[in-house]
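J.: The structure that follows is given in the form of structure tokens.
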Amino acid sequence: MGHWRNWWMAVWAFWLPLYAAGQNTVRLDSSLALPFDLTSAVWVWIDSTGEVADEQAMTQGKFTPLSTTTIPRLLQKEVHYSYWVRLTLQNATSVPQELLLTLGNFYETTLYERSPTAQTLYQRYTSQRLLPSERLYRYDHRYFPLYFAPYQSRYLYAKIRALTGKPFEIRPFLYSYDAEAKERVKGLYDDYFPMAVNHELMAVLAFLTVFFLFQWVLNRQRYLLFYSFYLMSMWGFAAYGASYSSYVVDYISYVPFLRFTLQQNFYILLTLFTHTFFLFEILGMKNWPSSWTKRYFERLFYVVGGLLAIELVLTVVYRRLDLETNFHQLCQFVLPVLNVTSLVLLWATKERVSWFIKLGALVMVIGTTIGFASVALGWAPMSSMLLTHYPNVYFNYGVLIDILFFSLATGEKMVQVQRERNRLLQNYALSELTTLRTQINPHFLFNSLNSIKSYIIKNKTQEAAAYLTDFSVLMREILDKSREQFLPLGQELEIIRQYLLLEQRRFSQPFQIDLQIDDAIDLDAVQVPAFLLQPFVENAIKHGFKRLEREGCVWVKVSSLEDGIAIVIEDNGIGRDKAAKLRLASVKHRSMGLSLVENRLRLLREIYHWNIDLTIEDVAPSTGTRVTLRIPFFD
């Protein structure tokens, strides 16, 4: 019994192509006008498992005429199916013919040629993933070049795999090379305007993304970074649709993951996610009092972030594109509701919101609504001969106006930040003036003059002249640098050295000076805040050496760090606790001086992003104080 069954299957496999040829053969003769629609001659079989072996599908598949077969326009669970096509072509002339066969625009298509004896002669493959240099026909991945010898018949089968979310239609056509070229030129002419608008939009988005990223690098304002991400996600959305045209090769075409693993819904959700971050940051909602608007946007992060996570799980982790299609349809209902709610709250809030932000949000909602409505009502096509995802002109113009308003809002915010920075600079200048007035303690001036007077009374004219000369040099140095915010490290150390020499000569309690500088440091290139070290040196002498029962010493050590320098000012005095007990007034003075220095360092952080670290510690109980300044390099 098994022997007879195998024999009949062999006979059926032998006669099937001959039977098919008799039923479906398209004769290629001089009367055939190209391009020619092959729908009436094509038979199809749908493998709902997607797992039937190729040989078995071609010999045992139950093919039915394409014209009577119902195939869904948008695939959901059907994305896992394999779609088989069968047709027979015969060159009925005595001359060779070179033609192009297309079945439609699919993710991948494999073409098989069978002999009349049911033997597979060859197979050829094409896919949307292929770049022009990799295609069988370099201008379009949809075409299979076919060569027909005189009176040759070709028995063809094709296996089609498609992606969900894309228009699906089997459209078998036969073209000559001239006919395909003419249709391509006509398509370029017909679709020139929407393609031009779409690529203008992509160019604008790419330029603004780079521009605002550069502004973020310069200014380190987070709203600039989030706006760049928003523009980048919008560019990804536009490039994703354009990349499905056979005639458009953009940057995203070289990254299959961005084209085929991620779906259109990912780019939509990513755009809304980055847009929410941008609004929250540029409006400073973090500092708003509790309100419906603030709570809504805080929760919107989690809602959109959750939707984005679900999208990635479905597409990247599980590759369930059928479920992703249903999820996409759900998002098409949810996202407009979220956008309209955001718009209403932005217009209704009592907090200060830029009119550019309000108008940008309004245009985005209107443009999106008109874009979807134009497709639903048939005003704009979903696809064309050239474009799988037809650019929606209404939506693209809405995006252009939207980013115009948001860019103006970002520029307005940058002006506000600059004004605030100028205000801080003014405060810094006032602080510098105050610092200048307090750099040289009045006690130091009076004590220096008294020392000169004492030398004169005692007829120590040479000592008086030398002291006065050194004192004049120091004062001239200070006055010359009084308007400078920053000084080379060498000049700052020279001022400190001169100051210590004068104090050493004047002070009744003898002390030593030890200045240690790392030879690897370029004293002229490294910048430090002007007169930053003097208050610490003054405190070491004035408070550290008071009633010291041993010889004092002030160490100033400058060492190199990987990203800057470290300056250590250390004394072997009586320590901070004992000095405070001896002279409470000096504690107040020292606290004021320290407060002044800390204020300067804070302003440097806010204005110049120059983070100078200050540490004050006791060397040991009653044996001295150590001040450490870690100063990063500053350009």
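J.: Name all residues of the stretch 119-144 having a backbone nitrogen under 20 Å from the label point set 7 Å from the Cα of V255 along its Cα→Cβ direction, giving them as ranges.
T.: 128-132
J.: Rounded to two decimals, what is the ratio between the C-alpha radius of gyration of the stretch 301-395 and 2.2 N^0.38 Å?
T.: Cα Rg divided by the expected 2.2 N^0.38 Å: 1.33.
J.: While we're here: With a ≥ b ≥ c the root eigenvalues of the C-alpha gyration tensor of the stretch 481-632, is it rounded (a/c under 1.5), prolate (a/b larger than b/c) or oblate?
T.: prolate
J.: Between Y302 and E494, 0.36 nm times their residue separation minus their Cα-Cα distance comes to what?
T.: 63.3 nm
J.: Loop only per DSSP, at most 13 neighbouring Cβ atoms within 10 Å: give me the chymotrypsin sites (Phe, Trp or Tyr not before Pro) in the stretch 468-501, ordered by residue number.
T.: Loop-located and lightly packed - none at all.
J.: Rounded, prolate or oblate: which fits the stretch 118-165 when a ≥ b ≥ c are the square roots of the eigenvalues of the alpha-carbon gyration tensor, with rounded for a/c under 1.5 and prolate only if a/b beats b/c?
T.: Oblate, because a/c is 1.5 or more while a/b does not exceed b/c.
J.: Something else now. Quote the charge dipole size of the chain about the Cα centre in Debye, to the nearest 20; the model charges only the Cβ of Lys and Arg (+1) and of Asp and Glu (-1).
T.: The calculation lands at about 1700 debye.
J.: So if we plug the beta-carbon distance of D470 and E351 into 1/(1 + (r/R0)^6) with R0 = 51 Å, what FRET efficiency do we get, rounded to 0.05?
T.: Working from the Cβ atoms, E equals 0.25.
J.: Over the alpha carbons of the chain, what is the largest minus smallest coordinate on each principal axis, giving the biggest first in Å?
T.: For the chain, the Cα extents along the three principal axes come out at 135, 54, 49 Å.
J.: Further question on the same structure: Decide, for the stretch 2-183, between rounded, prolate and oblate: order the square roots of the alpha carbon gyration tensor eigenvalues as a ≥ b ≥ c, take rounded if a/c falls under 1.5, and otherwise choose prolate if a/b is larger than b/c, else oblate.
T.: oblate
J.: For the stretch 205-267 and the stretch 387-411, compute the distance between their C-alpha centroids and round to whole Å.
T.: Distance between centres, Cα-based: 13 Å.
J.: Please give the helix 321-348 orientation as an angle from the longest Cα principal axis of the chain, in degrees from 0 to 90, rounded to the nearest 10.
T.: Approximately 50 degrees, to the nearest ten.
J.: Toward the positive end of the charge dipole of the stretch 481-632, about the Cα centre and with charges on Cβ (Lys, Arg +1; Asp, Glu -1), which of S482, P632, S559 goes farthest?
T.: Going by the charge dipole, the pick is S482.
J.: What percent of all Cα-Cα pairs in the stretch 217-312 falls in each 5 Å bin, counting up from 0?
T.: Calculated over all Cα pairs of the stretch 217-312, the distribution is 2, 13, 19, 19, 17, 13, 10, 5, 2, 1, 0 percent.
J.: Let me ask something additional. Check each of the GluC sites (Glu not before Pro) in the stretch 458-501 and keep only those in coil by DSSP with at most 14 other C-beta atoms within 10 angstrom; list them in order.
T.: Here the sparse-neighbourhood loop sites are E484.
J.: Related question: Post the alpha-carbon centroid distance, the stretch 482-543 to the stretch 165-192, in whole angstrom.
T.: When both Cα centres are located, 80 Å separates them.
J.: Okay, next question. Please determine, in degrees from 0 to 90 and to the nearest 10, the orientation of helix 264-282 with respect to the longest principal axis defined by the Cα atoms of the chain, where the helix direction is its Cα long axis.
T.: Value to nearest ten degrees: 20.
J.: With everything on Cα atoms, drop me the angle between helix 292-312 and the longest principal axis of the chain, reported from 0 to 90° to the nearest 10.
T.: 50 degrees
Readers should treat all values here as calculations from the given coordinates under stated rules, not as data from a laboratory. Because the structure is a prediction, the values reported are computed rather than measured. A quick note on method: Cβ atoms are made from the backbone with ideal geometry, for glycine too, and the neighbour counts reach across all protein chains shown.
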